[in-house]
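Novice: My questions will all concern the structure given below.
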Amino acid sequence: MDLSELRKAVEEVELVDGHAHNIVSLQSNLPFIHAFSEAQGDALASSQHSLSFKRNLRDLAELYGCELSLQGVEEHRKVSGLELSCSTCFKAARISAILMDDGFELDKMHDIEWHKSFVPLVGRILRIEKVAEEILDQDLPDGSCWTLDSFTKAFVSNISLTVAGEIYGLKSIAAYRSGLEINTNVTNQDAEEGLGQVLLARKPVRIANKNLIDYIFLQSLDVAQSYDLPMQIHTGFGDKDLDMRLANPLHLRSVFEDKRYSKSRIVLLHASYPFSREASYLASVYPQVYLDFGLAIPKLSVHGMISSLKELLELAPINKVMFSTDGCIFPETFYLGAKKSREVVFSVLRDSCLDGDLTVPEAVEAAKGILARNSIHFYKINLANSVISSDNNLQLNVIDDDLETDVSFIRIMWVDNSGQHRCRAVPRKRFNDFVSKNGVGLAFATMGMTSFLDGPAAGSGLGAVGETRLTPDLSTKRRIPWSKEDEMVLGDLNVKPGQAWEYCPRDALRRVSKILKDEFNLVMNAGFENEFFLLKSITREGKEEWIPFDSSPYCSSSAFDAATPVLREVASALHSMGIPVEQLHAEAGKGQFELVLGHTICTKSADNLVYTRETVRAIARKHGLLATFIPKYKLDDLGSGCHVHLSLWQNGKNVFMASDGSSKYGISTLGKEFMAGVLYHLPSILPFVAPLPSSYDRLQPNTWSGAYLFWGNENKEAPLRATSPPGTPGGLTSNFEVKSFDGSANPYLGLAAIISAGIDGLRRHLSLPEPVDTDPNPENLQRLPISLSESLEALHKADFLEEFIGDKLLTCIKAIRKAEIDHYSENKEAYKQLIHRY
């Protein structure tokens with residue numbers, strides 16, 4: 001039986017999350033372990049031994065590419081920052097809409113509006129007990145005491161006004177207070193007495209009196225029914241405040257049987273676990289009852305999750321079963337809920353096909369319904385700013401309503417083979433209506449351009465004939481912090497949508513990364529150190545000159561003070577885009593600074609680097625300065641590098657680092673072989689990481705740039721430096737730094753070349769030579785190429801790269817480098833104009 005269509009439907013559908021809660025600030029006092037368990041106190045610590053904890057921790061470590069431990073995940077979150085963690089989790093989860101109960105008060109929680117930066121549609125679910133308690137916490141204007149009549153008027157009015165402000169449903173947590181055995185005949189007198197007892201207690205009010213809870217529940221059902229709003233009801237398991245015996249949904253039969261509420265729409269949350277069969281029965285016999293399986297997935301074991309969903313579907317109509325994450329406090333909970341829900345829905349529907357309950361086409365429709373369509377219909381989610389594709393997958397084109405009017409242009413960006421950033425700007429409507437799917441046309445010649453001329457290099461194979469498609473990668477779309485009416489997105493170069501062009505640098509990095517993953521189950525993480533000069537314009541003898549805006553020394557606080565307005569705005573802008581900044585300081589060159597980015601999976605790290613360069617240049621320009629990443633701004637001053645720190649990860653664990661201190665150099669065998677490959681091939685990959693003739697003016701002895709072919713432990717003169725930053729266990733090495741990389745390099749091509757060299761080292765089990773842990777001695781060390789001509793000659797001799805980079809792209813790169821050599825050898829002063837290109 002071919003189940004590929006079912007798998008495709010489950011994997012591609014954009015999820016609609018019908019029930020979740022707010023995310024909190026990193027400064028919240030809530031421990032991260034809450035992401036894995038509903039337990040509290042001592043039981044929370046012991047939850048680390050549960051099946052779901054171990055599985056979910058493994059999933060998060062794999063998502064983040066970090067160490068497989070609770071501490072490793074927490075450290076990654078801390079370094080990345082909340083915005084980047086959210087961006088990573090929601091991008092991976094592919095959730096298009098969330099309905100959020102914000103009545104669960106949490107320390108330092110973000111409001112609903114904040115969440116709209118990460119999910120296209122965020123709606124509100126109103127918790128009725130919270131509304132009632134907030135009313136009773138207030139004093140009446142005339143100083144009188146609350147009566148049932150005055151409370152009811154205030155309560156109904158409050159809900160009605162809130163409904164007018166657009167909410168998607170009400171919610172009750174009666175199960176937590178007095179249980180689900182609602183007395184549909186509770187009298188006003190009983191409710192009045194219950195109100196009196198509640199008011200005798202101290203504020204803030206917490207309503208637990210059963211008569212008053214039942215009264216509020218029924219009043220809310222009346223309001224919900226009059227506005228045709230659904231009511232969510234907590235059923236089944238939760239934290240220890242809940243009496244499980246009173247959380248069985250069968251207790252609600254009196255409500256379902258009452259004709260007054262026959263037109264209501266009620267959803268039983270959390271699969272009613274462990275009462276899933278009871279919930280399935282209720283949904284099958286009462287037309288107003290629907291089911292939601294959030295929390296049961298992902299909090300149960302795999303067997304428990306599958307069993308629970310199967311039990312829901314034993315009797316309940318498929319169009320009454322809905323997905324939610326019950327995401328709460330941490331963005332990781334949304335990711336885990338989404339990931340496991342896709343897996344469990346596929347498993348259950350696959351079995352239904354194999355058992356003969358469903359055909360594959362029926363299962364495909366069931367998957368789309370459970371994961372999105374049922375919730376869209378049930379909650380009447382407004383898709384005015386969205387479209388449904390031909391296969392009925394939900395696709396939202398805008399982030400929020402404000403975007404519809406605010407955004408003027410979308411910049412589609414790419415980096416050419418000479419390392420220059422370029423963009424096409426498209427009006428927002430045109431982008432949403434056409435370009436987002438089809439891209440824009442781009443002449444073949446653009447990928448053969450040089451640093452000195454916007455025309456193709458001779459021999460590049462690219463010219464005036466032919467056009468590729470610059471197709472936006474929507475996962476990289478960001479609001480531009482310095483031009484808030486616009487957005488930018490990174491583009492792929494395609495022959496047609498979904499088919500990469502062989503000259504595309506981003507695809508080259510993806511291809512090589514896939515080989516590393518497929519052959520060795522390895523992922524390479526990368527973190528860049530960006531060095532750049534800030535220059536100011538002066539006029540001398542009627543000519544404009546650009547000079548350093550400051551002359552303070554290395555790590556000078558006065559230099560930092562002078563640049564703080566620029567640097568603070570840069571850091572803030574990067575933070576808003578989810579790009580973690582780890583450190584900033586003044587470098588040794590005049591007017592030179594360094595900005596260190598956090599490490600992440602190499603494909604994303606390259607994206608982050610492109611956005612970082614754009615941000616630094618744009619904000620410097622805003623302040624009347626020119627920022628340049630050129631490798632050598634002045635021949636008599638230090639150059640600027642773009643050192644990259646690299647590590648290897650496997651199943652969420654750093655496997656470049658040795659497992660214990662007994663390994664030589666603190667590096668694993670995999671790490672040593674990979675690093676040996678990079679060292680062995682370094683001369684031939686220099687045209688990728690140091691692509692300009694002026695790059696070699698930087699790679700000089702005694703400048704901490706790496707002029708000789710060796711590696712060392714914490715040796716700043718080594719082109720490959722093994723590092724053990726603070727926090728690395730004693731005797732171990734966590735990553736290695738490639739110092740040859742500079743700011744004129746295309747980051748996708750540079751990283752692709754490094755991975756290719758590393759793979760060759762792994763395949764051939766190359767040995768890492770002894771380190772040089774002293775100042776290099778030129779008499780017994782090989783000099784790295786002293787010019788682009790020499791490194792290009794080494795590239796011509798290397799035959800291993802064609803497999804990884806591809807013949808046509810490799811030919812193009814060689815032609816561009818040859819053109820650079822010819823031009824700058826004939827025009828000695830031409831390098832000075834590169835400050836305007838890099």
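The values are calculated or read from the model by the stated rules, or taken from the named source; none is laboratory data. Source: prediction; values computed, not measured. Cβ sites come from the backbone with ideal geometry, for glycine too, and all protein chains shown count toward neighbours. When the accessible area is computed, the model is the full protein with side chains, heavy atoms only, and any ligands, DNA or RNA have been set aside. Shrake-Rupley method; radii C 1.70, N 1.55, O 1.52, S 1.80 Å.
Novice: Which of (1) over 30 Å from Lys604 (Cα atoms); (2) of a type in the set (Asp, Glu); (3) surrounded by 15 or more Cβ atoms within 10 Å (Cβ to Cβ) does Glu820 not meet, given it meets every other one?
Specialist: (1)
Yes or no, residue by residue, for (1) open to solvent by 70 Å² or more (accessible area, probe 1.4 Å); (2) modelled with pLDDT under 80; (3) not assigned by the TED database to the domain that holds Arg613:
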| site | (1), (2), (3) |
| --- | --- |
| Val387 | no, yes, yes |
| Asp391 | no, yes, yes |
| Val398 | no, yes, yes |
| Leu403 | no, yes, yes |
| Ser418 | no, no, yes |
| Arg422 | no, no, yes |
| Asp433 | yes, no, yes |
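Novice: Right, next: Show the residue pairs meeting these rules: Cβ distance below 7 Å; 6+ apart or different chains; first residue within region 761-789 and closer than 22 Å to Phe800 by Cα; second residue open to solvent by 60 Å² or more (accessible area, probe 1.4 Å).
Specialist: Cβ pairs passing all conditions: Gly761/Tyr680; Leu766/Tyr680.
Conditions (1) open to solvent by 40 Å² or more (accessible area, probe 1.4 Å); (2) in contact with a strand residue (DSSP E or B) (Cβ under 8 Å, 6 or more places away or on another chain), marked per residue:
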{"position": "Ser451", "(1), (2)": "no, no"}
{"position": "Pro456", "(1), (2)": "yes, yes"}
{"position": "Gly459", "(1), (2)": "yes, no"}
{"position": "Val465", "(1), (2)": "yes, no"}
{"position": "Leu470", "(1), (2)": "no, yes"}
{"position": "Arg478", "(1), (2)": "yes, yes"}
{"position": "Lys484", "(1), (2)": "yes, no"}
{"position": "Glu487", "(1), (2)": "no, yes"}
{"position": "Asp492", "(1), (2)": "no, yes"}
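Novice: Quick check on this structure: which one of Arg506, Arg510 is open to solvent by 70 Å² or more (accessible area, probe 1.4 Å) and in a helix (DSSP H, G or I)?
Specialist: Exactly one of Arg506, Arg510 is open to solvent by 70 Å² or more (accessible area, probe 1.4 Å) and in a helix (DSSP H, G or I), namely Arg510.
Novice: Take the conditions open to solvent by 60 Å² or more (accessible area, probe 1.4 Å), farther than 29 Å from Gly448 by Cβ, under 39 Å from the mean Cα position of the chain (by Cα) and not hydroxyl-bearing (Ser, Thr, Tyr) and apply them to Arg783. Does it pass?
Specialist: In short, no.
Novice: Now for a different question. Regarding region 706-716, can at least one residue be identified that is of a type in the set (S, T, N, Q), open to solvent by 20 Å² or more (accessible area, probe 1.4 Å) and touching a residue at least 12 places away in the same chain (Cβ under 8 Å)? Don't jump to the end; show me each part of the working.
Specialist: Of region 706-716, the ones of a type in the set (S, T, N, Q) are 713, 715.
Narrowing the set further to residues that are open to solvent by 20 Å² or more (accessible area, probe 1.4 Å) leaves 713.
After this cut, where a residue has to be touching a residue at least 12 places away in the same chain (Cβ under 8 Å) as well, the list is 713.
Looking through region 706-716, at least one residue is of a type in the set (S, T, N, Q), open to solvent by 20 Å² or more (accessible area, probe 1.4 Å) and touching a residue at least 12 places away in the same chain (Cβ under 8 Å).
Novice: Still on this structure, I have one more. Which of the residues that make up region 786-817 are open to solvent by less than 70 Å² (accessible area, probe 1.4 Å) and among the basic types (Lys, Arg)? Outline the logic, then answer.
Specialist: The initial filter retains those residues of region 786-817 that are open to solvent by less than 70 Å² (accessible area, probe 1.4 Å), namely 787-789, 791-792, 794-795, 798, 800-801, 804-806, 809-817.
Those that are open to solvent by less than 70 Å² (accessible area, probe 1.4 Å) and among the basic types (Lys, Arg): Lys814, Arg817.
Novice: Which members of region 210-237 meet the condition of being in a loop (DSSP other than H, G, I, E, B) and surrounded by 20 or more Cβ atoms within 10 Å (Cβ to Cβ)?
Specialist: Correct list: Leu229, Pro230, His234, Thr235, Gly236, Phe237.
Novice: Quick one: in region 534-570, of everything that is in a helix (DSSP H, G or I) and open to solvent by less than 30 Å² (accessible area, probe 1.4 Å), which residue is nearest to Pro481 (Cα to Cα)?
Specialist: Filtering region 534-570 for residues in a helix (DSSP H, G or I) gives 557-570.
Checking the rest, the ones that are also open to solvent by less than 30 Å² (accessible area, probe 1.4 Å) come to 559, 563-564, 566-567, 570.
Details: Ala559: 25, Ala563: 19, Thr564: 17, Val566: 13, Leu567: 14, Val570: 9 Å.
Among them, the one singled out is Val570.
Novice: Are any residues in region 635-648 touching a residue at least 24 places away in the same chain (Cβ under 8 Å) and open to solvent by 20 Å² or more (accessible area, probe 1.4 Å), and if so, which ones? Let's see the steps before the verdict.
Specialist: Initial filter on region 635-648 (touching a residue at least 24 places away in the same chain (Cβ under 8 Å)): 635, 637-648.
Across region 635-648, the qualifying residues are Leu635, Asp637, Leu638, His645.
Novice: Search region 302-328 for residues being open to solvent by less than 10 Å² (accessible area, probe 1.4 Å) and outside any helix (DSSP H, G or I), and hand back the single one that is farthest from Ala363 (Cα to Cα).
Specialist: Gly327
Novice: Also: Please work out if Phe53 is of a type in the set (Phe, Trp, Tyr) and within 28 Å of Asp473 (Cα to Cα).
Specialist: For Phe53, the condition - of a type in the set (Phe, Trp, Tyr) and within 28 Å of Asp473 (Cα to Cα) - is not met.
Novice: Can you tell me which residue in region 461-471 is nearest to the chain's Cα centre (by Cα), limited to those that are modelled with pLDDT of 90 or more and of a type outside the set (Val, Ile, Thr)?
Specialist: In this case the residue turns out to be Leu470.
Novice: Right, something else. Report whether or not Glu113 is assigned by the TED database to the domain that holds Ala191 and modelled with pLDDT under 90.
Specialist: yes
Novice: List the number of the failed condition for Phe346; all other conditions in (1) in a helix (DSSP H, G or I); (2) crowded, with 23+ Cβ neighbours inside 10 Å hold.
Specialist: The failed condition is (2).
Novice: Taking only region 57-106 into account, find how many residues are touching a Phe, Trp or Tyr at 6+ places or on another chain (Cβ under 6 Å) and assigned to a loop (DSSP other than H, G, I, E, B).
Specialist: Total meeting the criteria: 1.
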